[in-house]
Amino acid sequence: MNELIDYAKQTKKVNFAIQLQSILKDAIRHHQTSGLTQVGSLKHQIREQDKEVNEFILEKLTSDYRMKDLVASESVKNELEYFIKEHKKINFLREHNLPVSNKILLHGPSGCGKTLAAYVLAGELEKMMYVIDLGSIVSSKLGETSKNLSKIFRRAASESCIIFLDEFDSLGKIRDYSQDHGEMKRVVNTLLQLFDYLPQDTILIAATNQKDMLDDAILRRIDLSIDLELPNKKQITELVSKVIANSNFTFDNKTTSQKCINESLGLSFYSIQKTLITAIKRSVFELSENVLKLQPKIQTSKWLELIQTEKKGLLKK
Ligand SMILES: Nc1ncnc2c1ncn2[C@@H]1O[C@H](COP(=O)(O)OP(=O)(O)OP(=O)(O)O)[C@@H](O)[C@H]1O
Ligand SMILES: [Mg+2]
């Protein structure tokens, strides 16, 4: 990996180096919470509250992701674009007494862009996003789940930001943890109320790969439900061009690269991207400095092998 990064830096392909170093992290800027605080000021009060709920907030971030970073079907992209438009034109909708959609559910298999889509929404809308660790809220302090959720929602609403409930299906797990099912009922009821009273400019994004675990009453309150499916051939091709876009890597053979794309059907975006980057790394190891500077080739045989291993892994599951 380091060789690749060095190579990319030498050839001024810094973007590509960054992309390889961390596909996610570089695009996320963490919100600065440090700084001087006046005792008794509003900021101080907010920071005090921070302490109580911070353990459940995984990240508070702004994002640089945009729609162009997400590969998806036209219809998914359209739905997301409309959602973004509603929030960009929220005042216009209000003037005409039209309701604003603000609760969105992202579902689909692992590695197909649920988290990415949430980052894209945060990026496009330039809103602060709280990523909530629902798993830890549910499991850590049984009996306090409702209270903790209310606190987080209140805080997010006061800042009109985005609440991202990842692993939304963990709510269903309360059934396993608690002896009495009353707790589950309480939490669902709290959520229903929180959903109903969420201000229109506060956005709720929930992500799950187990939609069937969700309570019907909750599902009914969702304004927009989006399926992020495994990629088809066209989407795989698009993903592959995105991965190598900022480099001067090319495939050693067009026909076999096409074969790789065909073989990748059934794998997630994430797995395909991972196998391709691994293949690039392994190809680079075998190239001389000179070739690296000129026209480095990705060995498609290596990529194909990785794809097949990945698929075998899926079968075992
Ligand atoms: N639709 C997509 N378009 C482009 N890249 C994608 C897409 N889906 C996944 N990726 C790549 O895979 C990485 C992981 O995807 P992501 O975290 O969004 O998956 P997820 O659906 O949230 O999975 P999980 O259910 O495991 O949380 C992304 O950061 C991105 O690099
Ligand atoms: Mg995710």
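Looking only at helices (runs of 4 or more DSSP H) that fall completely inside the range 214-314, which ones have 3 or more residues that are away from ligand 2 (no atom under 16 Å from the Cβ) and assigned by TED's automatic domain parsing to the domain that holds Met184?
In the range 214-314, 216-220 are the helices (runs of 4 or more DSSP H) which contain 3 or more residues that are away from ligand 2 (no atom under 16 Å from the Cβ) and assigned by TED's automatic domain parsing to the domain that holds Met184.
Of all residues in the range 78-110, which are more than 16 Å from ligand 2 (Cβ to nearest atom), crowded, with 16+ Cβ neighbours inside 10 Å and farther than 17 Å from Lys127 by Cβ?
The answer is Glu79, and nothing else.
Can you pull out the helices (runs of 4 or more DSSP H) entirely within the range 70-134 that have at least 3 residues that are modelled with pLDDT of 95 or more?
Fully inside the range 70-134 and qualifying: 74-88, 114-125.
Tally the residues that are of a type in the set (Val, Ile, Thr) and within 10 Å of ligand 2 (Cβ to nearest atom), restricting the search to the range 111-130.
Count: 1.
Could you count how many residues in the range 83-134 are under 19 Å from Leu230 (Cα atoms) and among the charged types (D, E, K, R)?
Total satisfying the criteria: 1.
Out of the residues in the range 185-224 meeting the condition of being more than 16 Å from ligand 1 (Cβ to nearest atom) and among the acidic types (Asp, Glu), tell me which one is modelled with the highest pLDDT.
Asp223
Cβ-Cβ under 6 Å, sequence separation 6+ or interchain: first residue in the range 155-184 and more than 13 Å from Met129 (Cβ to Cβ) and within 16 Å of ligand 1 (Cβ to nearest atom), partner modelled with pLDDT of 85 or more and among the hydroxyl-bearing types (Ser, Thr, Tyr). Which pairs?
Phe168/Thr208; Asp169/Thr208
Hey, can you tell me all the residues within the range 56-69 that are touching a residue at least 12 places away in the same chain (Cβ under 8 Å) and assigned to a helix (DSSP H, G or I)? First the steps, then the outcome.
Going through the range 56-69, the residues touching a residue at least 12 places away in the same chain (Cβ under 8 Å) turn out to be 56-67, 69.
Across the range 56-69, the qualifying residues are Met67, Asp69.
The values are calculated or read from the model by the stated rules, or taken from the named source; none is laboratory data. What you see is a predicted model; the values in this text were computed from it and never measured. Note: ideal-geometry Cβ built from the backbone for every residue, glycine included; neighbour counts use all protein chains shown.
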